[in-house]
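Reviewing the structure listed below.
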Amino acid sequence: MFRNQYDTDVTTWSPAGRLFQVEYAMEAVKQGSAAIGLRSKTHVVLACVNKANSELSSHQKKIFKVDDHIGVAIAGLTADGRVLSRYMRSECINHSFTYESPLPVGRLVVQLADKAQVCTQRSWKRPFGVGLLVGGLDESGAHLYYNCPSGNYFEYQAFAIGSRSQAAKTYLERRFENFVDSSWDDLIKDALIATRETLQGEKLRSSICTVAVMGVGEPFHILDQETVQQLIDKFELVVEDEGPAAEPDAAAAEEGAEEGDAAEQGGDADQGAAPDQGVAPMEI
């Protein structure tokens, strides 16, 4: 995608006031596999989709531990995410060594945003092509931030980034009011459901997703595949229990369709406007 002479340099403004190289970096985040974050009063959950490029290869790591109280999930270029997570880890170690206290999450996010912003103002650098969901806990409670390649950062109750993340956002927007008081199990269940929404009908398995949790009195850790699969199986049982309840609705829909067909056939014999009346219920 070429935009004349205005996208050859990150420091070149277009007449419309846009930096296309920064926008391309933000587009790279949308091309990566999905990453999801949720937080309650006491816990933060990070989840991501980690599909392998080939059946013969392993998947790229998408969730990184920064400190016992901070973790990060990435979408976009995993190499850039690995470098930034190493930078965050170094900042946490330096702060802990100097002040003998954990680094506040908000301060680390600001430092990370400043580092990303520098790359949008230097002609010999390129923006980082990765978005980061930074989750953590400090004295002020649980936090979830999104760091953008442009240098902006936002705090969220729940958020999703990456490929097909809009479906997950839609689910999170419907449920986010319940997240504040959610328990450990409910928060992970919502994270798994949101992750499933990004798969477009593909079955959710522990082999293609990673879940990490941190909370009050619970340092950051990544759940093993057996635990994740047990939680997925528990969720699938709930779906199967809800299945029979939907059958009467399906039967009613079929009856309505049959009535619509009958009305359409009767309308052909009487007048030309009747077929539209019969088709409308089926379209809805």
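Taking a virtual spin label 7 Å from the Cα of T227 along the C-beta vector, which residues in segment 27-58 bring their backbone nitrogen under 19 Å of it?
From segment 27-58, the list is 36-50.
Expressed as a rounded percentage, what relative contact order does segment 13-86 have, with Cα pairs under 8 Å and six or more residues apart?
Averaging sequence separation for qualifying contacts and normalising by length gives 26 percent for segment 13-86.
Given an 8 Å cut-off on Cα distances and at least 6 residues of separation, report the relative contact order of segment 60-199 as a percent. Please report the intermediate quantities before stating the final value.
Details: 195 pairs, mean separation 27.3, N = 140.
19 percent.
Once the other residues with Cβ under 15 Å from the Cβ of F128 are scored (Lys, Arg +1; Asp, Glu -1), what is the net sum?
Numbers: positive: K30, R82, R86, K115, R122, K125, R126; negative: E23, E27, D80, D114.
So the environment of F128 carries a net charge of +3.
For Y87 and E27, compute 0.36 nm times the residue count separating them, minus their Cα-Cα distance, and round to one decimal in nm.
Details: separation 60, 0.36 × 60 = 21.60 nm, distance 2.31 nm.
Length gained, Y87 through E27: 19.3 nm.
Could you give the length gained on full extension between N94 and W13, defined as 0.36 nm per residue of separation minus the Cα-Cα distance, in nm?
Working: separation 81, 0.36 × 81 = 29.16 nm, distance 3.72 nm.
Taking N94 through W13 to full extension adds about 25.4 nm, to one decimal.
At a 1.4 Å probe, what is the % contribution of carbon and sulfur to the accessible area of segment 154-218?
On the way: 1430 of 3100 Å².
For segment 154-218, the apolar C and S fraction of the accessible surface comes to 46 percent.
For segment 60-208, what is the accessible area per residue in Å² when the probe is 1.4 Å? All intermediate terms of the calculation are to be shown ahead of the outcome.
On the way: 7100 Å² over 149 residues.
So segment 60-208 comes to 48 Å² accessible per residue, rounded to a whole number.
Within the accessible area of segment 1-143, what % is carbon and sulfur when the probe is 1.4 Å and the other protein chains stay in place? Walk me through the numbers on the way to the answer.
Numbers: 3760 of 7380 Å².
Accessible surface attributable to carbon and sulfur in segment 1-143 totals 51 percent.
In whole Å, how far is the Cα centre of segment 26-43 from that of segment 86-137?
Spelled out, the Cα-based centre of one part sits 17 Å from the other.
Taking loop as defined by DSSP and a crowding limit of 10 other beta carbons within 10 Å, which chymotrypsin sites (Phe, Trp or Tyr not before Pro) in segment 110-163 fit? Don't skip to the answer; put the middle values down first.
Details: sites: W124, F128, Y145, Y146, Y153, F154, Y156, F159; in loops: W124, F128, Y156.
Here the chymotrypsin sites (Phe, Trp or Tyr not before Pro) that fit, given the DSSP loop and packing criteria, are W124.
The values are calculated or read from the model by the stated rules, or taken from the named source; none is laboratory data. Fair warning: this is a prediction, and the values are worked out from it, not measured in the lab. Neighbour counts run over all protein chains shown; Cβ positions are idealised from the backbone, glycine included. With ligands, DNA and RNA removed, areas are computed over all heavy atoms of the protein, side chains included. Shrake-Rupley method; radii C 1.70, N 1.55, O 1.52, S 1.80 Å.
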